[in-house]
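Following: one structure in structure tokens, then a few remarks.
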Amino acid sequence: MDRIDQITEMLAKDPSDDFLHYALALEYDKKGEIEKAISIITNLLKSSPEYLGSYYKLGQLFEEKGQIANAIEIYKKGILLADEKNDNKAKGELNEALWLIEDID
């Protein structure tokens, strides 16, 4: 059984586990199925907008797809959330990602 099957099986038992949704998106990303990973994280953020790590990963996925405006938007949303949560580490990582992408533009 591969990782996607394992995670899917665990999600069947606990569909509200945000980490499992995030982990599933990471596995699809590893397999090059970026659209599927984007869809999973987008849905995760709809149901759990406080799941801070998702903003960074979703921004990266948008960058991979060349969807720069979407990446910038999601990084900015993540920065606002990180600021609200006083999570300076996440805020710094998101700021750096945003700075790098805007530097390219």
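Every number in this text was worked out from the coordinates using simple rules, so none of it is lab data. Just so we're clear, the structure is a prediction, and the values are computed from it rather than from any experiment. Because the Cβ atoms are built from the backbone with ideal geometry, glycine has one as well, and the counts that use them run over all protein chains shown.
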Rounded, prolate or oblate, given the Cα gyration tensor of segment 1-71, with a/c below 1.5 counting as rounded?
oblate
Could you work out how far apart the two model spin labels at LYS89 and ALA69 are, taking each label as a point 7 Å from the Cα in the direction of the beta carbon, and quote it in nm?
3.5 nm
The chain: relative contact order in percent, alpha carbon pairs under 8 Å with at least 6 residues between
17 percent
In whole µm²/s, the translational diffusion coefficient that Stokes-Einstein assigns to segment 31-96, given a Kirkwood hydrodynamic radius over C-alpha pairs, 10 °C and 1.306 mPa s, equals 135 µm²/s
